[in-house]
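Scroll down for the structure; my scribbles are underneath it.
The values are calculated or read from the model by the stated rules, or taken from the named source; none is laboratory data. Not measured: the values here are computed from a predicted model. Heads up, the Cβs are rebuilt from the backbone with ideal geometry, glycines too, and the neighbour counts pull from every protein chain shown. The protein model used for the area step is the full one, side chains on, heavy atoms only, and it has no ligands, DNA or RNA in it. Shrake-Rupley method; radii C 1.70, N 1.55, O 1.52, S 1.80 Å.
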Amino acid sequence: MTPGGRDPPQDGTSLESTNATVSGGTEALDPGVASAFPFESIRDGQGAFLADAVGAVREGKHLLAHAPTGTGKTAVALAAAVEYARREGKLVLFLTSKQSQHWIAVDTLRRMRARGFGVIGIDVVSKQAMCLNDRAPRTAHAFRQFCESHVRTRTCAWFNHPADAAVKLAAQKVLHVSELVEASRACGTCPHKAAMEAARRAHVVVCDYNYVFSDIRDKVLPRIERPLDEIVLVVDEAHNLPDRIRSHLTGDLDAPMLIRAAKEAKVVDPEAGALLQGVARSVHQALIAREGDRVVEREELIESVEKGLKGATFDDLLRTAAEAGETLAGRGIPTVLPEIAEFLKRWRDVREGVLRLAHGGAGGRFSLRLLDPAILSRRVFADVHASLLMSGTLHPPEMYADLLGIEPSRRVLRAYPDPFPPENRRILVDARVTTSYDRRGPTMYTRIAEAMVGVVAGVPGNVASFFPSYETLAAVLERVRSVPLPKQLVVEKQEWGAAERARALESLRSLRTRGGGLLLGVMGGSLSEGVDYAGNLLDAVVIVGLPLGPPSLEVEALKAYYMRKFGAERGYDYAYVYPAVNKVLQAAGRCIRSERDRAVIVLLESRLLERRYARCFPPDFPLAPVSDVGTGVRTFFYRPWRSPASRRGTGCPRSMTNCGGPASAAKRPSSARPARRACPPRFSTTSTSWGTGS
């Protein structure tokens, strides 16, 4: 066991790069790679990653890289992959999980072109998001049938118009997908058609995970005339990939959905409507017969469906539902028929690595959950030429290789060090608090709120605090509101969308010069993972608790499945511990985004110091227990770190060294003294409203 309670990689694979570190100018690189690199120089710590990526692509391997923020992942991956692909006639598919990440890839490709490397890059999102037809349905399944129907019957004017002009423009300049859509609009053609035709002559295509890890792949690759063995994959934010694959085979079916489908089908096919009405009645009876949640066999739903068909077959139902859905979609009428047909087909046909559930009662439903992402990903990684999977939290890399079914002989597992100055970040753990189920309650929530108030009072600017759930957030918020603090509240709500998140960021920008704000959100949400707090927008991140999955049939089934597949200890960690640790790491990574940023990370959870959890954190994330996190925060911001013995006798009340009170401020020059800093307030029994938000 390594220091800090961490174990070495369980398969014995070395995770440290064996390649010599290259830094400085690009003249030390292979000439081909140097010509493709989008910058004039290599950052410190970037050379090892680049050398590993070049080697993996050329040797047909799969590099799984835990590369913290600041490693320059996009530049490295595109330089290594595109240089090889252009020379060897391959195609790079740069996969992202969010549309916001497309801009980074597009900007990198533009830099490569500006430096004289003739790369042709195409940026594409879903066909639905690019569609110019105002009558297109909004749901994914209905849109697919709407589009296929209009293309097949040649009734889509956009698709019928040649895309040559837009394709030519896309080959001359790397366009962001929004620019390609507008260019296609000006040319009178379908943007997605233009993108697919341009992709045939491209060196790299920036697209969503679904283009490779779903049934869309079987339609896209023939259109761009590329088999899998001619593909080099680059998977950005690869820690998201297993869950994204799982979500592809996730669905629910209840009686109200079937009743709605029956009404929709009757409009175009009375026979299909009658079949669905009978199935709705039979499924409803099966669900109300038994209360509670339970794991069921494949046959239970199939028998319920066939009971309601009265002589027709399961295939008859799938065929008539799909045909009725296609007819409605072709007319631009919203319908759930395609979704129901797809769910029933998957329930019947997918037999490996899935969980089938019945939630009984009047509002019951049948649910299908994919447990094993390797069912869909194993073949992809076996067939592609090579791949680069990267993330700032791809930890541990061997876990992701196992989950995705990547052959051991083709794996290259690497964990790169944090490139930023270690003195710019401090990680503090409060061992007195926890959100453990058996200890949570009013007293513990008050203790958490007290610790948070102590941290907030010692931070000069903005603080973001992330919780394991909205329920825990609400319980702590109620107590935090009883104390007046010089920071304005910004509280995330469960229904927030992109516009609300953007306003929250704008609030933090305006508040940073006025004492700062306190943002409260949840781990696993967009504010804790998908948002970039650039420019040192956050001076501190406070993480409350450990977001372990709450007890459920699904969580227990995933544990059992992985423990059978990977062994007891590894399977338990893969299913239960590492997903929670990853959420902590993602939230912790919000505050340090460049080498100039400086921030403190506070972990309000004693369990993180236990070996079973501590060993699951990467080596560059040291967990340091402190007796008073508020004191630790003030020490970080207002005095260089010294040992506790050297900090005695400061005269600051309540042993709060450098809290900003007169005793500590007198020892610093006036230019270094923070404006308005005092010891944190104690909790009061009276309620005081402060800040804004709710």
Members of segment 587-603 that are under 19 Å from residue 524 (Cα atoms) and either in contact with a strand residue (DSSP E or B) (Cβ under 8 Å, 6 or more places away or on another chain) or crowded, with 24+ Cβ neighbours inside 10 Å (or both): 587, 588, 590, 591, 592, 601, 602, 603
Output the number of the condition that residue 474 fails; it satisfies all remaining conditions of (1) open to solvent by less than 20 Å² (accessible area, probe 1.4 Å); (2) among the small types (Gly, Ala, Ser); (3) over 20 Å from residue 240 (Cβ atoms). (1)
Could you list all residues from segment 593-605 that are farther than 16 Å from residue 547 by Cα and out of contact with any Leu (no Cβ under 9 Å at 6 or more places or on another chain)? 594, 595, 596, 598
So if I check each of 526, 507, which one is within 29 Å of residue 444 (Cβ to Cβ), of a type in the set (S, T, N, Q) and open to solvent by 20 Å² or more (accessible area, probe 1.4 Å)? 526
If we keep just the residues of segment 309-328 that are free of Cβ contacts under 8 Å to residues at least 12 places away in the same chain and assigned to a helix (DSSP H, G or I), which is most open to solvent (accessible area, probe 1.4 Å)? 319
Among the residues of segment 150-193, which ones are farther than 28 Å from residue 88 by Cα, of a type outside the set (Ser, Thr, Tyr), open to solvent by less than 70 Å² (accessible area, probe 1.4 Å) and part of a helix (DSSP H, G or I)? 150, 151, 159, 160, 179, 181, 183, 187, 191
Which ones in segment 194-234 are in contact with a helix residue (DSSP H, G or I) (Cβ under 6 Å, 6 or more places away or on another chain), surrounded by fewer than 20 Cβ atoms within 10 Å (Cβ to Cβ) and without any contact (Cβ under 8 Å) to a residue 40 or more places away in the chain? 216, 223
Quick one: what pairs do we get from segment 255-269, first residue without any contact (Cβ under 8 Å) to a residue 24 or more places away in the chain, second surrounded by fewer than 19 Cβ atoms within 10 Å (Cβ to Cβ) and not acidic (Asp, Glu), C-beta under 8 Å, 6+ apart or different chains? 259/277; 262/274; 262/277; 266/274
Would you be able to tell me the number of residues in segment 260-308 that are among the aliphatic types (A, V, I, L, M), over 19 Å from residue 339 (Cβ atoms) and assigned to a helix (DSSP H, G or I)? 3
Segments classed as helices (runs of 4 or more DSSP H), wholly inside segment 46-149, with at least 3 members that are open to solvent by 60 Å² or more (accessible area, probe 1.4 Å) and closer than 20 Å to residue 173 by Cβ: 102-114
Any residue that is in contact with a Cys (Cβ under 9 Å, 6 or more places away or on another chain) and not in a helix (DSSP H, G or I) - is there at least one of those in segment 417-426? yes
Meets criteria (aliphatic (A, V, I, L, M) and touching a Leu at 6+ places or on another chain (Cβ under 6 Å)) for residue 317: yes
Give all pairs with beta carbons closer than 8 Å in which a residue from segment 376-394 that is in a loop (DSSP other than H, G, I, E, B) meets a residue that is β-branched (Val, Ile, Thr) and open to solvent by 20 Å² or more (accessible area, probe 1.4 Å); count only pairs at least 6 apart in sequence or on separate chains. 392/69
If you check 343, 420, which single one turns out to be more than 30 Å from residue 599 (Cβ to Cβ) and of a type in the set (Phe, Trp, Tyr)? 343
Given (1) closer than 22 Å to residue 487 by Cβ; (2) touching a helix residue (DSSP H, G or I) at 6+ places or on another chain (Cβ under 7 Å); (3) open to solvent by 10 Å² or more (accessible area, probe 1.4 Å), number of the condition residue 536 does not satisfy: (2)
Hey, among 282, 367, which residue is under 12 Å from residue 254 (Cα atoms), within 29 Å of the chain's Cα centre (by Cα), hydroxyl-bearing (Ser, Thr, Tyr) and surrounded by 15 or more Cβ atoms within 10 Å (Cβ to Cβ)? 367
Of 549, 571, 521, the only residue that is in a loop (DSSP other than H, G, I, E, B), open to solvent by less than 40 Å² (accessible area, probe 1.4 Å), touching a helix residue (DSSP H, G or I) at 6+ places or on another chain (Cβ under 8 Å) and without any contact (Cβ under 8 Å) to a residue 60 or more places away in the chain is 549
Among the candidates 433, 483, 455, residue that is open to solvent by less than 10 Å² (accessible area, probe 1.4 Å), farther than 30 Å from residue 204 by Cβ and not in a loop (DSSP other than H, G, I, E, B): 455
Among the numbered conditions (1) in a helix (DSSP H, G or I); (2) surrounded by fewer than 18 Cβ atoms within 10 Å (Cβ to Cβ), tell me where residue 558 comes up short. (2)
Quick check, is residue 499 among the small types (Gly, Ala, Ser) and out of contact with any Gly (no Cβ under 8 Å at 6 or more places or on another chain)? yes
